[in-house]
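The values are calculated or read from the model by the stated rules, or taken from the named source; none is laboratory data. None of these values were measured; they are calculated from a predicted model. Don't worry about glycine lacking a Cβ; one is built from the backbone with ideal geometry, like all the others, and counts go over all protein chains shown.
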Amino acid sequence: MNVRYKILFSIEILNDYFSTGKWKEVSFIPLSETRRLIDTNGFQIRQVQNQLLVITQVDKDLIPLKLPDFFNKFSFVLLPQSPNYINFTNLPLSDSRLKCFHFHNLHDNIAGGVNYLSAKINNYLSTTPYKPGDFVKGADGEIYESIKINNNIQPPDNTIADSGEYWVLHGDSQFINNADTIFMEANIPYNLKYTGPLLNIETSVKRTVHHVSIYDCNFSTGLFNKQVLTSKVTFDTPHNIVQVDMRSLASGMYKVLVENDINYVYMVQSDNYVDVPVFIEIFNLPETYPQSLVKPDGTLKNVKYTLRFASRRVFWRYKIRTTTIDNIRDSSGDYTFKSDGLKYFISEKPIPLCDTSKKTLSANSGNLVITSPLPNPLPDRLLNKRDEIFTTEISVNY
């Protein structure tokens with residue numbers, strides 16, 4: 001009997017910090033539930049550079065022999081291996097820590113023919129204050145990145161010169177963004193929290209009795225209103241720290257309601273505890289869903305999913321040894337520099353970090369080039385922020 005194998009789906013990880021665009025220094029770690037799913041159904045997983053391949057057996061008509069039940073999922077932890085990746089990647093942070101990210105194929109986020117696992121970037125709103133690193137969708141349908149604090153000063157519009165002071169155009173690319181760290185319920189954003197199976201919640205009211213309800217996603221509506229667990233926690237005296245026992249549930253995202261306090265969490269069973277809370281879920285969806293894994297005839301779509309990370313933009317600050325150099329120039333015309341104290345020059349706009357030299361920057365005396373190209377900053381250390389933008393410092397040995 002000839003056994004055939006085909007790709008059920010693949011996931012590629014991109015990061016603009018790398019000149020190739022490929023983030024090869026990442027690992028995909030299946031959660032234990034997914035490991036069991038793979039082992040018991042004959043699936044195989046392979047990682048090739050920056051891509052994860054999930055492979056399945058097919059019959060002579062190229063129809064998979066086995067698939068998970070509808071709305072069952074393959075769950076992975078994305079583990080970055082690159083030193084200083086938090087520094088060189090544009091990541092939403094909370095108190096200088098990585099937020100909990102949840103990527104999945106329920107978004108139906110397709111742009112430019114690319115199937116993105118990140119949430120769709122939201123439209124620009126004049127009522128929303130934006131800070132550097134935020135992404136919005138402009139009225140022209142294009143994606144823009146904020147490079148300056150903006151509270152209804154300038155909407156993104158690449159046809160207006162003033163827009164370039166506040167925004168950088170990215171076309172139709174969909175980057176991971178802050179929407180991947182929250183869940184919207186009734187237009188209220190709830191930050192997603194990462195937890196083990198025993199979750200401690202601080203409630204808004206001290207009580208002797210706390211009623212706990214846990215909800216899973218109702219896939220017909222996309223709402224977390226499918227009750228999967230209830231419990232009651234009692235104390236001798238009023239308490240506002242409640243421990244919720246989730247050990248009977250599979251790893252995944254849940255809504256946890258303690259009286260009137262709402263929490264959205266990504267829970268991982270203790271044997272899967274991870275340090276980096278970046279989770280990817282691929283659901284086996286019915287053929288009627290755009291992001292289904294199979295065609296109406298039952299054959300595989302061989303879908304490639306994409307996660308694209310932007311490079312962090314920072315102010316580049318050059319330290320000069322002598323006073324001979326009186327200006328820094330960019331021959332490409334993309335960036336300008338200004339004096340920043342004796343023997344220092346700093347970019348007037350933030351520049352994206354990159355693993356390869358820019359090669360267009362020179363240190364000049366008048367119109368005379370003294371040294372070129374100038375080195376790129378290393379991502380090993382970010383200095384204090386200026387107007388919500390980190391700075392770096394690079395020495396010029398002249």
Among residues of region 19-37 being over 15 Å from V77 (Cα atoms) and of a type in the set (S, T, N, Q), the residue surrounded by the fewest Cβ atoms within 10 Å (Cβ to Cβ) is S19
Considering residues that are out of contact with any Ser or Thr (no Cβ under 6 Å at 6 or more places or on another chain) and over 19 Å from E281 (Cα atoms), the number found within region 183-225 is 21
Only one of S163, S118, S146 is under 25 Å from L223 (Cα atoms), crowded, with 17+ Cβ neighbours inside 10 Å and in contact with an Asp or Glu (Cβ under 9 Å, 6 or more places away or on another chain), namely S118
Picking from E348, E388, the residue that is outside the structural domain of F70 (by TED's automatic domain parsing) and within 23 Å of the chain's Cα centre (by Cα) would be E388
Among the residues that make up region 47-67, is at least one of them within 19 Å of E281 (Cβ to Cβ) and of a type in the set (D, E)? no
Being at pLDDT 90 or above, in the same structural domain as E33 (by TED's automatic domain parsing) and touching a Ser or Thr at 6+ places or on another chain (Cβ under 9 Å) narrows V303, V369 down to just V303
R317 vs (1) farther than 20 Å from P30 by Cβ; (2) in a loop (DSSP other than H, G, I, E, B): all pass except (2)
(1) loosely packed, with under 13 Cβ neighbours inside 10 Å; (2) without any contact (Cβ under 8 Å) to a residue 60 or more places away in the chain all hold for R321 apart from (2)
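Give the residue that is surrounded by the fewest Cβ atoms within 10 Å (Cβ to Cβ), with candidates limited to residues of region 204-224 that are within 28 Å of the chain's Cα centre (by Cα) and in a strand (DSSP E or B).
Among those that are within 28 Å of the chain's Cα centre (by Cα) and in a strand (DSSP E or B), it is N218.
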Counting only residues in region 3-23 that are assigned to a strand (DSSP E or B) and among the hydroxyl-bearing types (S, T, Y), the one nearest to the chain's Cα centre (by Cα) is identified as S10
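In region 1-57, what count of residues is obtained for those that are of a type in the set (F, W, Y), out of contact with any Leu (no Cβ under 9 Å at 6 or more places or on another chain) and within 21 Å of D275 (Cβ to Cβ)?
0
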Exactly one of L374, L378, L342 is loosely packed, with under 12 Cβ neighbours inside 10 Å and in a loop (DSSP other than H, G, I, E, B), and that residue is L342
Considering region 225-282, residues that are surrounded by fewer than 17 Cβ atoms within 10 Å (Cβ to Cβ) and among the aromatic types (F, W, Y), and then whichever is farthest from P189 (Cα to Cα), we arrive at F235
Of L37, L98, L62, L125, the only residue that is within 17 Å of the chain's Cα centre (by Cα) and outside the structural domain of T356 (by TED's automatic domain parsing) is L98
Could you say whether any residue in region 250-262 is over 28 Å from D69 (Cα atoms), under 24 Å from the mean Cα position of the chain (by Cα), touching a residue at least 40 places away in the same chain (Cβ under 8 Å) and outside the structural domain of K73 (by TED's automatic domain parsing)? yes
Among residues of region 155-202 being in a strand (DSSP E or B) and in contact with a helix residue (DSSP H, G or I) (Cβ under 7 Å, 6 or more places away or on another chain), the residue nearest to F103 (Cα to Cα) is L192
Exercise. State whether the residues of region 282-293 include one that is modelled with pLDDT of 95 or more and either in the same structural domain as G252 (by TED's automatic domain parsing) or in a strand (DSSP E or B) (or both).
Key: yes
Cβ pairs under 8 Å, 6+ apart or interchain, first in region 376-392 and touching a residue at least 12 places away in the same chain (Cβ under 8 Å), second among the acidic types (D, E), ordered by first then second residue, are P377/E393; L383/E393
Note on region 163-203: residues over 24 Å from the mean Cα position of the chain (by Cα) and within 23 Å of A310 (Cα to Cα) are S163, G164, E165
